[in-house]
1. Would you confirm whether or not segment 88-100 contains a residue that is modelled with pLDDT of 95 or more, under 12 Å from the mean Cα position of the chain (by Cα), in a strand (DSSP E or B) and surrounded by 17 or more Cβ atoms within 10 Å (Cβ to Cβ)?
2. Looking only at segment 38-89, which residues are touching an Asp or Glu at 6+ places or on another chain (Cβ under 6 Å) and free of Cβ contacts under 8 Å to residues at least 40 places away in the same chain?
3. If we keep just the residues of segment 38-55 that are outside any strand (DSSP E or B) and surrounded by 16 or more Cβ atoms within 10 Å (Cβ to Cβ), which is modelled with the lowest pLDDT?
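The values are calculated or read from the model by the stated rules, or taken from the named source; none is laboratory data. What you see is a predicted model, and the numbers here were worked out from it, not measured in a lab. FYI the Cβ positions are ideal-geometry reconstructions off the backbone, even for glycines, and counts take in every protein chain you see.
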Amino acid sequence: MTTGARRKAGAAGGGWPRLPVYPGSVLFATGLNLVVAPQLPSDVRAALEGRAVRIWVRDTPLCFDVGWRGTRFAALDGTQKPDLAIGASARDFVLLAQRREDPDTLFFARRLVMEGDTELGLLVKNTIDAIDLALLDPARLLPPLPPPLAAALRRVFAAARGA
(Lines give C-alpha, C1' and ligand atoms only; values in the text may rest on other atoms or scores of the structure.)
Protein backbone atom coordinates (compact mmCIF):
# COMPACT_ATOMS: atom_id res chain seq x y z
CA MET A 1 0.00 0.00 0.00
CA THR A 2 1.36 3.39 -0.90
CA THR A 3 1.90 6.15 1.62
CA GLY A 4 -0.90 8.13 -0.06
CA ALA A 5 -3.36 5.37 0.80
CA ARG A 6 -2.91 5.93 4.51
CA ARG A 7 -4.41 8.75 6.55
CA LYS A 8 -2.02 10.43 8.94
CA ALA A 9 -3.08 10.57 12.57
CA GLY A 10 -3.19 14.36 12.30
CA ALA A 11 -5.18 16.12 14.99
CA ALA A 12 -6.00 12.84 16.73
CA GLY A 13 -2.26 12.39 17.30
CA GLY A 14 -1.03 10.38 20.22
CA GLY A 15 -1.60 6.66 20.23
CA TRP A 16 -3.76 6.45 17.12
CA PRO A 17 -2.03 4.24 14.57
CA ARG A 18 -2.09 5.04 10.89
CA LEU A 19 -4.97 3.25 9.29
CA PRO A 20 -5.28 2.14 5.67
CA VAL A 21 -8.06 3.97 3.83
CA TYR A 22 -9.32 1.20 1.56
CA PRO A 23 -10.91 -1.33 3.99
CA GLY A 24 -12.96 1.36 5.74
CA SER A 25 -13.88 2.87 2.39
CA VAL A 26 -15.24 -0.51 1.24
CA LEU A 27 -17.51 -0.66 4.29
CA PHE A 28 -18.56 2.98 3.86
CA ALA A 29 -19.34 2.49 0.16
CA THR A 30 -21.37 -0.62 1.01
CA GLY A 31 -23.42 1.37 3.51
CA LEU A 32 -23.97 4.16 0.99
CA ASN A 33 -25.09 1.61 -1.61
CA LEU A 34 -27.55 0.10 0.85
CA VAL A 35 -29.08 3.35 2.14
CA VAL A 36 -28.29 6.26 -0.19
CA ALA A 37 -27.82 4.91 -3.73
CA PRO A 38 -31.44 3.77 -4.20
CA GLN A 39 -32.65 7.32 -3.47
CA LEU A 40 -30.26 9.20 -5.77
CA PRO A 41 -31.94 10.96 -8.68
CA SER A 42 -30.34 10.45 -12.09
CA ASP A 43 -29.02 14.04 -12.24
CA VAL A 44 -27.16 13.55 -8.94
CA ARG A 45 -25.73 10.24 -10.16
CA ALA A 46 -24.50 11.95 -13.33
CA ALA A 47 -22.91 14.79 -11.34
CA LEU A 48 -21.13 12.32 -9.03
CA GLU A 49 -19.84 10.10 -11.85
CA GLY A 50 -16.06 9.86 -11.76
CA ARG A 51 -15.73 12.25 -8.82
CA ALA A 52 -13.79 11.39 -5.66
CA VAL A 53 -15.19 12.34 -2.25
CA ARG A 54 -13.28 11.97 1.01
CA ILE A 55 -15.00 11.91 4.39
CA TRP A 56 -12.63 12.30 7.29
CA VAL A 57 -13.39 12.12 10.98
CA ARG A 58 -11.18 14.91 12.25
CA ASP A 59 -10.70 13.64 15.82
CA THR A 60 -9.66 10.15 14.69
CA PRO A 61 -7.44 8.75 11.94
CA LEU A 62 -10.53 7.53 10.07
CA CYS A 63 -10.92 8.54 6.46
CA PHE A 64 -13.22 7.16 3.76
CA ASP A 65 -12.66 7.72 0.03
CA VAL A 66 -15.56 6.91 -2.28
CA GLY A 67 -16.81 7.76 -5.74
CA TRP A 68 -19.82 7.02 -7.93
CA ARG A 69 -18.97 4.49 -10.63
CA GLY A 70 -21.74 3.55 -13.04
CA THR A 71 -24.59 2.34 -10.84
CA ARG A 72 -23.06 2.34 -7.37
CA PHE A 73 -20.66 3.88 -4.92
CA ALA A 74 -17.17 2.37 -5.06
CA ALA A 75 -14.35 2.47 -2.55
CA LEU A 76 -11.27 4.37 -3.67
CA ASP A 77 -7.78 3.56 -2.44
CA GLY A 78 -6.94 7.07 -1.23
CA THR A 79 -4.16 7.72 -3.71
CA GLN A 80 -6.03 10.23 -5.86
CA LYS A 81 -6.71 13.77 -4.70
CA PRO A 82 -10.42 14.05 -3.81
CA ASP A 83 -12.63 16.48 -5.69
CA LEU A 84 -14.35 17.17 -2.37
CA ALA A 85 -13.20 16.53 1.20
CA ILE A 86 -15.64 16.80 4.10
CA GLY A 87 -14.42 16.71 7.67
CA ALA A 88 -15.97 16.97 11.12
CA SER A 89 -15.57 15.39 14.55
CA ALA A 90 -17.17 12.02 15.17
CA ARG A 91 -19.71 13.69 17.48
CA ASP A 92 -20.64 16.28 14.85
CA PHE A 93 -21.13 13.59 12.19
CA VAL A 94 -23.47 11.75 14.56
CA LEU A 95 -25.40 14.97 15.23
CA LEU A 96 -25.68 15.58 11.48
CA ALA A 97 -26.90 12.02 10.87
CA GLN A 98 -29.54 12.42 13.59
CA ARG A 99 -30.53 15.83 12.16
CA ARG A 100 -29.91 17.36 15.58
CA GLU A 101 -27.43 19.82 14.07
CA ASP A 102 -27.61 21.82 10.87
CA PRO A 103 -24.67 21.54 8.42
CA ASP A 104 -24.68 25.30 7.79
CA THR A 105 -24.40 26.02 11.52
CA LEU A 106 -21.48 23.60 11.84
CA PHE A 107 -19.84 25.02 8.73
CA PHE A 108 -19.98 28.63 9.90
CA ALA A 109 -18.79 27.56 13.36
CA ARG A 110 -15.83 25.86 11.59
CA ARG A 111 -16.82 22.48 12.99
CA LEU A 112 -17.63 21.15 9.51
CA VAL A 113 -14.96 21.61 6.86
CA MET A 114 -15.47 21.32 3.11
CA GLU A 115 -12.49 21.57 0.81
CA GLY A 116 -12.41 21.36 -2.96
CA ASP A 117 -15.23 21.72 -5.48
CA THR A 118 -17.83 24.04 -3.92
CA GLU A 119 -20.55 23.09 -6.39
CA LEU A 120 -20.03 19.40 -5.63
CA GLY A 121 -20.12 20.21 -1.90
CA LEU A 122 -23.51 21.90 -2.25
CA LEU A 123 -24.80 18.98 -4.30
CA VAL A 124 -23.71 16.50 -1.60
CA LYS A 125 -25.15 18.66 1.19
CA ASN A 126 -28.51 19.10 -0.55
CA THR A 127 -28.67 15.39 -1.40
CA ILE A 128 -28.01 14.42 2.23
CA ASP A 129 -30.66 16.90 3.40
CA ALA A 130 -33.20 15.21 1.09
CA ILE A 131 -32.57 11.68 2.44
CA ASP A 132 -35.46 10.21 4.39
CA LEU A 133 -34.22 9.85 7.97
CA ALA A 134 -36.34 6.70 8.42
CA LEU A 135 -33.94 4.91 6.06
CA LEU A 136 -31.28 5.07 8.78
CA ASP A 137 -33.48 3.16 11.24
CA PRO A 138 -31.46 0.15 12.44
CA ALA A 139 -34.61 -2.01 12.34
CA ARG A 140 -34.70 -1.49 8.57
CA LEU A 141 -31.01 -2.21 8.08
CA LEU A 142 -30.51 -5.21 10.36
CA PRO A 143 -31.93 -8.72 10.06
CA PRO A 144 -34.70 -9.61 12.52
CA LEU A 145 -33.35 -9.83 16.05
CA PRO A 146 -34.57 -11.88 19.02
CA PRO A 147 -37.25 -9.81 20.82
CA PRO A 148 -35.22 -9.11 24.00
CA LEU A 149 -32.24 -7.84 21.98
CA ALA A 150 -34.48 -5.79 19.69
CA ALA A 151 -36.16 -4.17 22.72
CA ALA A 152 -32.76 -3.37 24.27
CA LEU A 153 -31.53 -1.78 21.04
CA ARG A 154 -34.70 0.32 20.74
CA ARG A 155 -34.10 1.64 24.28
CA VAL A 156 -30.46 2.46 23.45
CA PHE A 157 -31.38 4.32 20.24
CA ALA A 158 -34.26 6.14 21.93
CA ALA A 159 -31.92 7.26 24.72
CA ALA A 160 -29.33 8.41 22.16
CA ARG A 161 -31.94 10.46 20.28
CA GLY A 162 -33.21 12.03 23.47
CA ALA A 163 -29.76 12.83 24.86
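1. There is at least one residue in segment 88-100 that is modelled with pLDDT of 95 or more, under 12 Å from the mean Cα position of the chain (by Cα), in a strand (DSSP E or B) and surrounded by 17 or more Cβ atoms within 10 Å (Cβ to Cβ).
2. Just the residues of segment 38-89 that are touching an Asp or Glu at 6+ places or on another chain (Cβ under 6 Å), to begin with: 51-52, 54, 68, 76, 78, 83-85, 89.
52, 54, 68, 83, 85, 89, listed by residue number.
3. First pass over segment 38-55, keeping only residues outside any strand (DSSP E or B): 38-48, 50-51.
Filter again for surrounded by 16 or more Cβ atoms within 10 Å (Cβ to Cβ), leaving 40, 44, 47-48, 51.
Details: 40: 93, 44: 96, 47: 96, 48: 97, 51: 97.
Taking the candidates together, the pick is 40.
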